[in-house]
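Reading through the structure tokens given below for one structure.
Laboratory data are not the source of any read-out in this text; all were calculated from the coordinates shown. Bear in mind the structure is a predicted one, so any value in this text is a computation, not a measurement. Virtual Cβ from ideal backbone geometry, glycine too; neighbours counted across all protein chains shown.
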Amino acid sequence: MTSVIAAEGNGRWVEYAGGYADMIAQRGAEEADGGALEQPVAKRPKAAAPQRNRQGTAKRKLSFNEKHALETLPKTMAGLHERIAEFQAALADSDLFARDPEAFNDAAAGLEAAQTELAAAEEKWLALEILREELEDSPSS
């Protein structure tokens with residue numbers, strides 16, 4: 001004789017005599033008798049699937065933050081170029097260090113920070129621009 005073991009929930013396993021159909025019949029009898037079986041949890045509705053292109057991959061658009069960064073980074077980079085030019089002009093004064101070593105050190109540190117910030121902004125802008133071009137060039141459905 002065959003038997004089926006089924007998980008009943010809350011760590012409870014029950015062995016039923018017979019096959020699957022017998023288990024279903026016996027489970028129905030337990031539920032009618034007020035057995036310890038719980039009602040199944042209602043399934044949540046699935047979210048709408050993203051649109052797919054011809055290759056079956058999801059279509060992707062630039063996010064709001066990515067679009068905003070693409071629009072604002074050129075202005076930010078222009079401002080950084082101006083700050084770098086100001087620091088370089090200050091450091092071009094050959095007597096600055098002799099007159100005011102602290103101002104010289106501040107200008108040198110500011111120049112380095114501005115150049116680092118500019119490099120990061122340029123890399124971010126380039127990556128976003130490449131992404132934008134790839135998304136525009138990708139075939140749509």
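Fully extending the segment from Ala85 to Ala103, taken as 0.36 nm per residue of separation minus the present Cα-Cα distance, adds 4.9 nm. Ordered by the count of other Cβ atoms within 10 Å of each Cβ, fewest first, Glu117, Glu134 give Glu134, Glu117. The residues packed around Asp100, meaning those with a beta-carbon under 14 Å from its beta-carbon, carry a net charge of -3 if Lys and Arg are +1 and Asp and Glu are -1.
Alpha-carbon geometry of the stretch 64-137: the Rg and the Dmax are 16.7, 57 Å, given in that order.
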